[in-house]
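J.: Here you go, one structure.
What follows draws every value from the coordinates through simple rules; no lab data is involved. Just so it is clear, the model here is predicted, and its values are computed rather than measured.
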Amino acid sequence: MGNVPKPPSMAALKKRIRDHRTQAASDGFVRERFCLDREDARAKAREWFQSYPKAAYWTEVESWRVVGDGRIEFTMRRLSSAD
């Protein structure tokens, strides 16, 4: 049989996650995660876009998903300043 690669160890996975979080924290963006009902999630996203206009802060919904109880879990991202 061919060479089947071994899955990474738990320690290696933890290191990759830690390294990714460190890099994300130093990229100049501010992130905030929310888990809200659909309408509240829409209102929160609108609030961010009004407070931090996309053109100046590169504001965006970085990721989102529907969780088991129908709520929306999402991460908003913006530049720390618009200088």
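J.: Tell me the mean residue ellipticity at 222 nm calculated for the chain from its helices only (DSSP H runs of n ≥ 4, each -39500 (n - 2.57), averaged over every residue, nearest 500).
T.: On the way: 3 runs with 34 residues, N = 83.
Counting only the DSSP helices, I get -12500 deg cm²/dmol.
J.: Taking the 0 to 90 degree range and rounding to the nearest ten, how far is the long axis of helix 10-25 tilted relative to the main principal axis of the chain, both from C-alpha atoms?
T.: Taking Cα atoms only, the helix is inclined about 30 degrees.
J.: Using Cα-Cα distances under 8 Å and only pairs 6 or more residues apart, what relative contact order does the chain have, in percent?
T.: Numbers: 88 pairs, mean separation 26.6, N = 83.
Across the chain, relative contact order equals 32 percent.
J.: Another question, then. Tell me the angle of helix 38-51 to the major Cα principal axis of the chain, expressed in degrees between 0 and 90 and rounded to the nearest ten.
T.: Once rounded, one gets 70 degrees.
J.: Note the full-extension length gain between ARG46 and ASP19 as 0.36 nm times their separation in residues minus their Cα-Cα distance, in nm to one decimal. Walk me through the intermediate numbers first.
T.: Numbers: separation 27, 0.36 × 27 = 9.72 nm, distance 3.13 nm.
Here the answer is 6.6 nm.
J.: Cα convex hull of the chain: how many Å³ per residue? Numbers along the way, then the final one.
T.: Values: hull volume 12.4 nm³, N = 83.
Residue-normalised Cα hull volume stands at 150 Å³.
J.: Oh, and also: Per 0.36 nm of contour for each residue apart, how much would the distance between LEU79 and SER9 grow if the chain were fully extended, relative to their Cα-Cα spacing? Each step should come with its number before you reach the end.
T.: Numbers: separation 70, 0.36 × 70 = 25.20 nm, distance 3.45 nm.
Roughly 21.7 nm would be gained on extension.
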